[in-house]
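Visitor: The structure is given below, and queries will be raised subsequently.
The values are calculated or read from the model by the stated rules, or taken from the named source; none is laboratory data. Being a predicted model, the structure only gives us computed values, none of them experimental. Counting neighbours? That spans all protein chains shown, and the Cβs are built from the backbone with ideal geometry, glycine included.
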Amino acid sequence: MRIAICDDEIYFIENLEKQLRICLEQYDGGHEFAKYSYGSQLLLAQQENRFDVIFLDIDMPSISGFEVAEKIREEFEQTHIVFVTNKNDLVYNSIRFEPFRFLRKDHLTEELPETIESLLKKMRMNQQYIIKKEDAVIKINASDIVYVESQKHKLTFHLTNDKIVKNDRLKTVEKELLPFGFVRVHSGYLVNCKYIYSIDATTIKLTNSNHIPMSRQRKAEVKNKFQQYMRTI
């Protein structure tokens, strides 16, 4: 997840980044941070490499957070905007920019953890995943993948109502899907935690009643990651 923080108060930027890292350390996936003191800097960076979420101060010099949000909304509908401010009365003016949340700076410690949990849940539900084959490019929702199976250098994506087969390595796909609630349960299987019903000694039962083999040495890790996933739903 690529995260941008834009605020004209340097000490607040550092504090917010610190608290974000604390909130995110319990979840899997890499997280990149970029920090800006001016809205103009953020807009330039957004054009080069879109951020997944932007924590944006409203009251800034030169160009306000609302003006920045308006420009971002014109081109980047999928970017999540979280307004942060001490001016609580501005919450009503922020609605037209469709922010994900409105955080009060003086309540950051209490409000930030819930914001992160809800954000990760929404991203997992809406994240599109692209499967590139030799003859086609297929776009699906990551949440529709039940599990991925590897056999003889071929991957089978078992979807809720379909199957897709392609040539690839499970290790490569694992890195791509890890941030969205997937866990490696076996050398040949990657499972979406959303569809785990129960975990036994060497088997995982899915919500569709299918059974997936699980390596004994992976059991502790699978249980841990499943518990992490459950905390976000």
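Visitor: Being surrounded by fewer than 18 Cβ atoms within 10 Å (Cβ to Cβ), modelled with pLDDT of 90 or more and either assigned to a strand (DSSP E or B) or not polar (S, T, N, Q) (or both) narrows it down to one residue among K175, K139, K166; which is it?
Guide: Result of the check over K175, K139, K166: K166.
Visitor: Which ones in segment 88-121 are at pLDDT below 85 and loosely packed, with under 13 Cβ neighbours inside 10 Å?
Guide: N88, D89, Y92, N93, I95, R96, E98
Visitor: Assess whether Y11 counts as being part of a loop (DSSP other than H, G, I, E, B) and of a type outside the set (D, E).
Guide: Spelling it out, it is not the case that Y11 is part of a loop (DSSP other than H, G, I, E, B) and of a type outside the set (D, E).
Visitor: Which of the following residues is surrounded by 18 or more Cβ atoms within 10 Å (Cβ to Cβ), over 19 Å from E111 (Cβ atoms) and either polar (S, T, N, Q) or assigned by TED's automatic domain parsing to the domain that holds F76 (or both): F51, F55?
Guide: F51
Visitor: While we're looking at this one, here's another question. Just the residues that are hydrophobic (A, V, I, L, M, F, W, C) and either surrounded by 14 or more Cβ atoms within 10 Å (Cβ to Cβ) or within 14 Å of the chain's Cα centre (by Cα) (or both), please, taken from segment 2-39.
Guide: I3, A4, I5, C6, F12, I13, L16, L20, C23, L24, F33, A34 - these are the residues of segment 2-39 that are hydrophobic (A, V, I, L, M, F, W, C) and either surrounded by 14 or more Cβ atoms within 10 Å (Cβ to Cβ) or within 14 Å of the chain's Cα centre (by Cα) (or both).
Visitor: Is there a residue in segment 152-163 that is under 16 Å from Y195 (Cβ atoms), basic (K, R) and surrounded by 17 or more Cβ atoms within 10 Å (Cβ to Cβ)?
Guide: No, segment 152-163 has no match at all.
Visitor: Residues L90, L155, L119: which one is more than 16 Å from F180 (Cα to Cα), within 24 Å of the chain's Cα centre (by Cα) and either of a type in the set (A, V, I, L, M, F, W, C) or part of a helix (DSSP H, G or I) (or both)?
Guide: L155
Visitor: Moving to a separate point now. Can you give me the number of residues within segment 183-225 that are surrounded by 19 or more Cβ atoms within 10 Å (Cβ to Cβ) and either part of a helix (DSSP H, G or I) or in contact (Cβ under 8 Å) with a residue 40 or more places away in the chain (or both)?
Guide: Qualifying residue count for the region: 11.
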